[in-house]
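A short write-up of the structure that comes next.
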Amino acid sequence: MLPQPSTALHGRGATVSPPNRFESAWYEADYDQLAADDELLTAGRKVETQFLSDQSRSIITSNDSPDVPFKFSINPYRGCEHGCAYCYARPYHEYLGMNSGLDFETKIMVKHDAPRLLREELAKPSWKPEYIAISGVTDCYQPAEHNFRITRGLLEVFLEACHPLGLITKNALAIRDIDLLAPLAAKNLVSVALSITTLDADLARTLEPRTSSPQARLRAVRELSAAGIPTRVMVAPIIPGLNDHEIPQVLEAVRDAGAQGAGYVMLRLPWGVKPIFRDWLRTHRPLQAARVEGLLREVRDGNLTDPNFGSRMKGTGPYAETIRATFATFVKKLGLDTPWPPLDTTQFRPPEFQHGQKTLF
């Protein structure tokens, strides 16, 4: 038998594109005829990103989840070019008629009107200032932000309105906007959370293929903290048997970089994320796959995911408790257990409309 050519995609986290659970038909590539001709597959291994215009008519969304520490959030993009194999947001693309695999990281919906919509929503007489998280589903500093600068436009509106916000990202591009974040921080109006999953650059390169490297993220923590911007780190997700052994080293590194606090989330594999992550394991960590999957079932009561509030974020059982205790011990030892101070809502002033007209009342 001739050897099977590799069909792995360059710079992509998904190695499969599972069917959309809301659709009755789907496209699937058939490589059987090309098994002996690896050269013919070369072009197919590189998939360009498409940027599609999102016509959303509002930008601030709300949630009532007890697992999420904020009510309001903004996501400038739908889909994420970072391509993290574990991303819990992947199934959201199925609501758009796409799949949670390759479509999620190559077909990015761009909310070009986000700054204008934010300005209009904050200017409404009914709006009461409250913490708003930028991100929460997809990353606001993913590679697309280099060109579209939508997150930066949002920050300009927040600064003008003196409105509190938080940023959640795993991309060092956040330091580009220090000129806006620093004055927000001086008014106690902003906090930043950087996600650092691992310090192993080789692991990050396949698990999170288009994110900033671990060292770049540590540098971002250092520069943001040095600029007086309150910065925390999320060690997320914790993947039992893959990166949980790094907890002490990651926490020590972020402490040295100036982080003021740290938290973690256990890996979740809802809906279309499960086949993507399992295939990633078999492709990139075949010798660890059985152990990782076994430990994941151990912290998920025999399953690969847990939909229940509370337990879905931390896991259950002895192994999950060991992770919790280890994290808590090192967070306390390293001084990363300082409570996060509340941001100021009293300085808020409704922003002007883009054409300069002020509100009547």
> Could you list, in sequence order, the residues of the range 300-321 that are under 23 Å from the mean Cα position of the chain (by Cα) and surrounded by 13 or more Cβ atoms within 10 Å (Cβ to Cβ)?
Replying inline: ARG300, LEU304, THR305, ASP306, SER311, ARG312, MET313, LYS314, GLY315, ALA320
>> List pairs: first residue in the range 135-152 and free of Cβ contacts under 8 Å to residues at least 60 places away in the same chain and closer than 20 Å to HIS93 by Cβ, second residue buried (at least 24 other Cβ atoms within 10 Å of the Cβ) and among the hydroxyl-bearing types (Ser, Thr, Tyr) anywhere in the structure, Cβ distance under 7 angstrom, at least six positions apart or on different chains.
In response: TYR141/THR151; TYR141/THR169
> Going through the range 293-321 one residue at a time, which ones are part of a loop (DSSP other than H, G, I, E, B) and without any contact (Cβ under 8 Å) to a residue 40 or more places away in the chain?
Replying inline: ARG300, ASP301, GLY302, ASN303, LEU304, THR305, ASP306, PRO307, ASN308, THR316, GLY317
>> Quick check on my filter: what residues within the range 250-292 are without any contact (Cβ under 8 Å) to a residue 60 or more places away in the chain, under 18 Å from ALA89 (Cβ atoms) and among the β-branched types (Val, Ile, Thr)?
In response: VAL265
> What about GLY258, is it under 23 Å from the mean Cα position of the chain (by Cα) and not charged (D, E, K, R)?
Replying inline: yes
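If I filter the range 91-117 down to residues being in a helix (DSSP H, G or I) and over 14 Å from ARG78 (Cβ atoms), which single residue comes out as nearest to the chain's Cα centre (by Cα)? Before the answer, list the steps.
Narrowing the range 91-117 to residues in a helix (DSSP H, G or I): 91-96, 102-106, 114-117.
Checking which are over 14 Å from ARG78 (Cβ atoms) leaves us with 102, 115-117.
On the way: LEU102: 16, PRO115: 20, ARG116: 24, LEU117: 23 Å.
Checking each candidate, the answer is LEU102.
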> For the range 46-76, which residues satisfy the criterion of being assigned to a strand (DSSP E or B) and within 30 Å of ARG285 (Cα to Cα)?
Replying inline: GLN50
>> So, LEU334, is that one in contact with an Asp or Glu (Cβ under 8 Å, 6 or more places away or on another chain), under 16 Å from VAL235 (Cβ atoms) and of a type in the set (A, V, I, L, M, F, W, C) or not?
In response: yes
>> Quick check on my filter: what residues within the range 11-27 are modelled with pLDDT under 70 and of a type in the set (A, V, I, L, M)?
In response: ALA25
> From the list PRO129, PRO143, which one is in contact with a Ser or Thr (Cβ under 7 Å, 6 or more places away or on another chain) and either assigned to a loop (DSSP other than H, G, I, E, B) or of a type in the set (Ser, Thr, Tyr) (or both)?
Replying inline: PRO129
>> Quick check on the range 322-345: of everything there that is part of a helix (DSSP H, G or I), over 23 Å from the mean Cα position of the chain (by Cα) and not aliphatic (A, V, I, L, M), which residue is surrounded by the fewest Cβ atoms within 10 Å (Cβ to Cβ)?
In response: LYS332
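The values are calculated or read from the model by the stated rules, or taken from the named source; none is laboratory data. Quantities reported herein were computed from a predicted structural model and do not represent experimental measurements. Neighbour counts run over all protein chains shown; Cβ positions are idealised from the backbone, glycine included.
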